[in-house]
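Student: Sharing a structure with you now.
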Amino acid sequence: MSAGTTSSLSGLPPQAMATPLSRIASRLRRDPILLLSLLAVIAIVLIAVFAPWLAPHDPYSTNMSIARKLPGWTSADGVSYLLGTDVQGRDILSRIIYGIRATLMLSVLAVIGGSGIGAALGILAAYYRPLEGVIMRVVDVLLSFPAILFGLSLSALLGPGTLSMVLALGVSAIPGMARIARGSAMVVMKQEYMEAGHAMGFGNFYLITRYLLPNCSSMLMIYATLQLGHTILLGSVLSFLGLGPQPPFAELGSMAADGRKFLQIFPHISTIPTMTIFFIVLAFNLLGDSLRDALDPKLRF
């Protein structure tokens, strides 16, 4: 094989890794939805990181004398509660801020763990074809079980709580990512540079980490972003059912459940956390869709 072929082989992955970033930067100037969704996601992350400094009150301090106050209520001593108080007199705004932090942290942990395992399984299934049947059958079994069923099963084994919820969300993220990773890897495996790498005697680990994984990274990043929105929604459902972090822990799903008994009289207790979940999921879904448009070569403009 000529030196020119070797040079082009060794230079391919850095280009593949740099190209998605350049496409995103170029599209930011022309796609307002990508820009707005990216800014929204950055704002959500900043709220989660700086929650202790942004919360105006202690989110766990109860005061039954000011329970179920409407948004904008101000106490006799001049203390304002912008979003009102919940059924135990806790400031809803402070709990929303801490709830965003908890919801985002738990969902990110689940997506990182589940997507990492799923991506590894999918790439191994595409690269080592004898393992493909076994791996994908396991993935199909996982795909046949709803995440809520995993949550119920783990809650029965471990008890309801943070660990059960993260494990259930992580397991639910594995099969989808495994299928996406396998499909992307199979396309890359057919490229000439992969065949050339085998012919040159490159090891399997080198080919996977240097060529296969970088060239699948765009699709994996897009799906992980979309999966995060789905995981946030699913985690909120599990918390609403009482399978997530237990009271008084501030989490958006459990906060929505706290006010369901007062929905007709004090709807703000449930609707504010619910709308927060809606906007967070919408931001991540729009970001994922815009990233897909920016990174998919068929959709370039």
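Student: Give me the distance in nm between label points sitting 7 Å out from Cα along the Cα-to-Cβ direction at LEU263 and LEU36, one decimal.
Tutor: Here the modelled spin labels are 2.9 nm apart.
Student: Taking the inverse of the average 1/r across all pairs of different Cα atoms in the chain, what Kirkwood radius in Å do you get?
Tutor: Result for the chain, one decimal place: 21.5 Å.
Student: If each residue of separation counts as 0.36 nm, what is the full-extension length gain between ASP289 and VAL49 once their alpha-carbon separation is subtracted?
Tutor: 83.9 nm
Student: Please give me the summed charge of the neighbours of LEU83: other residues whose Cβ is under 10 Å from its Cβ, Lys and Arg +1, Asp and Glu -1.
Tutor: 0
Student: Where the accessible area of the chain is counted over protein heavy atoms with a 1.4 Å probe, how much of it, in %, is carbon and sulfur?
Tutor: 69 percent
Student: So how do GLU195, GLU251, GLU132 rank on accessible area, 1.4 Å probe, biggest first, that is with the largest at the start? Display every interim value, and only then the final one.
Tutor: On the way: GLU195 115, GLU251 0, GLU132 30 Å².
In descending accessible area the options line up as GLU195, GLU132, GLU251.
Student: Rg (Å, one decimal) plus Dmax (Å, integer) for the alpha carbons of the range 76-202?
Tutor: Rg then Dmax for the range 76-202, in Å: 22.0, 80.
Student: As a test question: what accessible area, to the nearest 10 Å², does MET186 have when a 1.4 Å probe is rolled over all protein chains in place?
Tutor: 50 Å²
Student: Taking each full run of DSSP H in the chain as one helix, which ones are at least 27 Å long along their axis (Cα atoms) and have mean Kyte-Doolittle hydropathy of at least 0.5?
Tutor: Passing helices, by number: 92-127, 162-189, 213-240, 268-295.
Student: Just by accessible area at a 1.4 angstrom probe, what is the order of TRP73, TRP53 from largest to smallest?
Tutor: Heavy-atom accessible area, descending, gives TRP53, TRP73.
Student: I'd like to check one number: the per residue accessible area of the chain, probe 1.4 Å, reported in Å² as a whole number.
Tutor: 50 Å²
Student: Let me ask another. Can you check what the net charge comes to around GLY183, using other residues whose Cβ is under 13 Å from the Cβ of GLY183 (Lys, Arg +1; Asp, Glu -1)?
Tutor: +2
Student: Treating the beta-carbon of each Lys and Arg as +1 and of each Asp and Glu as -1, no other charges, what is the dipole magnitude of the chain about its Cα centre, to the nearest 20 debye?
Tutor: It works out to roughly 380 debye.
Student: Kindly report, to the nearest 10 Å², the accessible surface of PHE266 as traced by a 1.4 Å probe over protein heavy atoms only.
Tutor: Counting only protein heavy atoms, the figure is 50 Å².
Student: Give me P(r) over the range 46-146, computed from all C-alpha to C-alpha distances, binned every 5 Å, as integer percentages.
Tutor: Percent of pairs per bin, in order: 2, 12, 14, 14, 10, 7, 6, 7, 8, 7, 6, 4, 2, 1, 0.
The values are calculated or read from the model by the stated rules, or taken from the named source; none is laboratory data. Model, not experiment: these values are computed from the prediction. When we count neighbours, we look across all protein chains shown, and the Cβ atoms used for this are built from the backbone with ideal geometry, even at glycine. Protein only, heavy atoms only, side chains kept; ligands, DNA and RNA dropped before computing areas. Shrake-Rupley method; radii C 1.70, N 1.55, O 1.52, S 1.80 Å.
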